Amino acid sequence: MTDAIHTIAIVGAGVMGRGIAHLMARGGKRTILYDAAAGMAAKAKATILADIEQRIARGKAADAELAACSGNIIIAGELADLAPAGLVIEAIIETLEAKTTLFRSLETVCGDSCILATNTSSLSVTDIAHVLQKPHRFAGLHFFNPATVMKLVEVVAGPSTDRATTRHLVELVTGLGKTPVEVRDSPGFLVNRCARPFYGEALKLLEEGVADAATIDACLKSAGGFPLGPFELIDLVGVDINLNATRAVWNAFGQSPRFKPSALLENMVRQGRLGRKTGAGFYDYPREANAPAGHEPCDPDIFLRVASMLANEAAFAYQEGLASPGAINTALKLGLNFNHGPGDLAKMIGVAAIIDTLNRCAQDDASGRYGVCTALAEFAEQ
């Protein structure tokens, strides 16, 4: 492997692939963009350039960005055109079969020194690597949408990934002005896994009739400093997307009660209430007419329950060796735009209060959902 990666190929020219290509080209990398659908890559480049031109007109971008993306993005007509790349990043459909088929082909096209990476957010890096002849040069490189804006990139090592591969990826991400967080392969990685309680416990509170969605959102924003409440975030991302992510993590963890999908979300998907993209979710859009106002003082237990579950799940991730407490804290703050990571929340609330909250909830729910992580105190102390 070379000490610096100068030519990068992106496979998949959808929203994520297009964003990653924009980021790489803007950062001065020769960027080869390929999509199996004819004309898709060229259309993606045209969209990138048009978006930059619009931002220039609004004073939000410079001509240099347009020139860099225009010159650095090269459209590939076939997979063989990716041969010069020192790194190939896959951003195609989220199915294991599609990804493994692609990476088998890439191994025949790319040189031995080329790093192969997947941008998957839900599939196992280990399972994808299983089909490769040289799994040591394969890793997850999980960008967040929009890739040009979001600071976090999860660098995910499978059991066969060698240290040189992750080192090159960390250096690349840092050089692009992003923050890499190294993660061991596990369902949902860090952010998608540890975010489940933020949504899941809020949904549980709604199901129990503790408060309505707008009140829960308002409480968490005021007490926890979250820029958006969980229901606002679900509507923004998509009710169906959130449900699918939860199901994936739930199934990957043997249907653990900690990740059980909410029946509320399942009903909303059946009704077509998918959030902002359909004009209706937990809120109706445009939202000005039904924005929350004049709520009763927030029940402190709303924040306490959600924050306790967040900290507890982060402690499980730490206990399992996914990442250090500091890395977990950074990942949640940058990946979800939280003002406070789970480690911050644990220090704010105190371990004793978290344990008391979880034990109290467990009295009404004996499923194991509220089991206290034995590494919680150790996680909170670091």
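Within the full protein context, the accessible area of residue 55 is estimated at about 60 Å² for a probe radius of 1.4 Å. Loop-located trypsin sites (Lys or Arg not before Pro) in the stretch 257-290 (DSSP state other than H, G, I, E, B) with a sparse environment of at most 15 neighbouring Cβ atoms within 10 Å: 287. Taking all protein chains together, 356, 185, 344, 364 sort by accessible area into 364, 356, 344, 185, largest first [probe 1.4 Å]. Histogrammed with a bin width of 5 Å, the alpha carbon distances of the stretch 156-210 distribute as 4, 16, 17, 15, 15, 9, 8, 7, 5, 3, 0 percent, first bin at zero. Dipole size of the chain about its Cα centre, with +1 on Lys/Arg Cβ and -1 on Asp/Glu Cβ: approximately 700 debye, rounded to the nearest 20. Under 5 Å between amide hydrogens, built in the peptide plane, is the criterion, and for residue 178 it picks out nothing among residues at least 5 positions away or on other chains. DSSP bridge analysis restricted to the stretch 110-208 gives an antiparallel fraction near 30%, rounded to the nearest 5.
Computed from Cα atoms, the angle from the helix 196-207 axis to the main principal axis of the chain rounds to 40 degrees.
Please tell me the relative contact order of the stretch 75-115 in percent, rounded to the nearest whole number, where contacts are Cα pairs under 8 Å and at least six residues apart. Don't skip to the end; give the middle numbers.
Details: 25 pairs, mean separation 22.4, N = 41.
Averaging sequence separation for qualifying contacts and normalising by length gives 55 percent for the stretch 75-115.
Taking the chain as a whole, the Cys residues whose C-beta sits 4.7 Å or farther from every other Cys C-beta are 69, 194, 361, 373.
Taking every DSSP beta bridge that has both ends in the chain, the antiparallel portion is near 20%.
When a/c reaches 1.5 or more, the comparison of a/b and b/c decides; with that in mind, is the stretch 210-353 rounded, prolate or oblate per its Cα gyration tensor?
Details: a/c = 1.94, a/b = 1.27, b/c = 1.52.
Verdict is oblate for the stretch 210-353.
In the neighborhood of residue 337, defined by Cβ-to-Cβ distances under 13 Å, what is the net charge if each Lys or Arg adds +1 and each Asp or Glu adds -1? Can you show the working numbers first?
Working: positive: 151, 221, 333; negative: 232.
Around residue 337, the charge tally is +2.
Counting only the Cα atoms, the stretch 194-236 fills a convex hull of 65 Å³ per residue. Relative to the longest principal axis of the Cα atoms of the chain, helix 325-336 runs at roughly 80 degrees. Under a Gaussian network description of the chain, with springs only between Cα atoms under 10 Å, the residue in 157, 214, 50 that fluctuates furthest is 50. For residue 147, neighbours were defined as the other residues whose beta-carbon sits under 11 Å from its Cβ, and their charges (Lys and Arg +1, Asp and Glu -1) total +4. With contacts taken as Cα pairs under 8 Å and at least 6 residues apart, the stretch 210-330 reaches a relative contact order of 26 percent. For the chain, modelled as a GNM whose springs connect Cα atoms under 10 angstrom apart, the maximal fluctuation among 254, 59, 326 occurs at 59. Under Stokes-Einstein, with the Kirkwood radius over Cα pairs as Rh, the value for the stretch 178-253 at 4 °C and 1.567 mPa s is 96 µm²/s. To the nearest 10 degrees, how steep is helix 239-252 against the longest Cα principal axis of the chain, on a 0 to 90 scale? Helix 239-252 sits at roughly 90 degrees to that axis.
Using only the Cα atoms of the stretch 307-365, each taken as one equal point scatterer with no solvent, compute I(q) by the Debye sum, divide by I(0), and report log10 of the ratio at q = 0.21, 0.24 Å⁻¹. For the requested q values the scattering log ratios are -0.78, -0.94.
Dividing the convex hull volume of the alpha carbon atoms of the chain by its residue count gives 146 Å³ per residue.
Kirkwood Rh over alpha-carbon pairs of the stretch 56-193, then Stokes-Einstein at 4 °C and 1.567 mPa s: what D in µm² s⁻¹, rounded to an integer?
On the way: Rh = 15.9 Å.
D, rounded to a whole number, is 81 µm²/s.
Electrostatic bookkeeping for residue 88 treats Lys and Arg as +1 and Asp and Glu as -1; over the other residues with beta carbon under 15 Å from its beta carbon, the sum is 0.
With the gyration tensor restricted to C-alpha atoms of the stretch 38-129, the semi-axes of the equivalent ellipsoid amount to 30, 16, 12 Å, longest first.
At 1.4 Å probe size, put 20, 93 in order of accessible surface, largest to smallest.
93, 20
Of the residues 82, 264, the one with the largest accessible area comes first in the ranking 264, 82, computed with a 1.4 Å probe on protein heavy atoms. Based on Cα contacts under 8 Å between residues 6+ apart, the chain shows a relative contact order of 13 percent. Pairs of Lys residues in the chain that lie 8 or more places apart, or on two chains, and have C-alpha atoms under 16 angstrom apart add up to 9.
Which percent of the accessible heavy-atom area of the stretch 29-126 goes to carbon and sulfur, probe 1.4 angstrom? If you can, show how the numbers build up before the last one.
On the way: 2450 of 4500 Å².
Within the stretch 29-126, the accessible surface is 54 percent carbon and sulfur.
The values are calculated or read from the model by the stated rules, or taken from the named source; none is laboratory data. Note that this is a predicted model, so its numbers are computed, not measured. Because the Cβ atoms are built from the backbone with ideal geometry, glycine has one as well, and the counts that use them run over all protein chains shown. Just the protein is used for accessible areas: all its heavy atoms, side chains included, with ligands, DNA and RNA removed. Shrake-Rupley method; radii C 1.70, N 1.55, O 1.52, S 1.80 Å.
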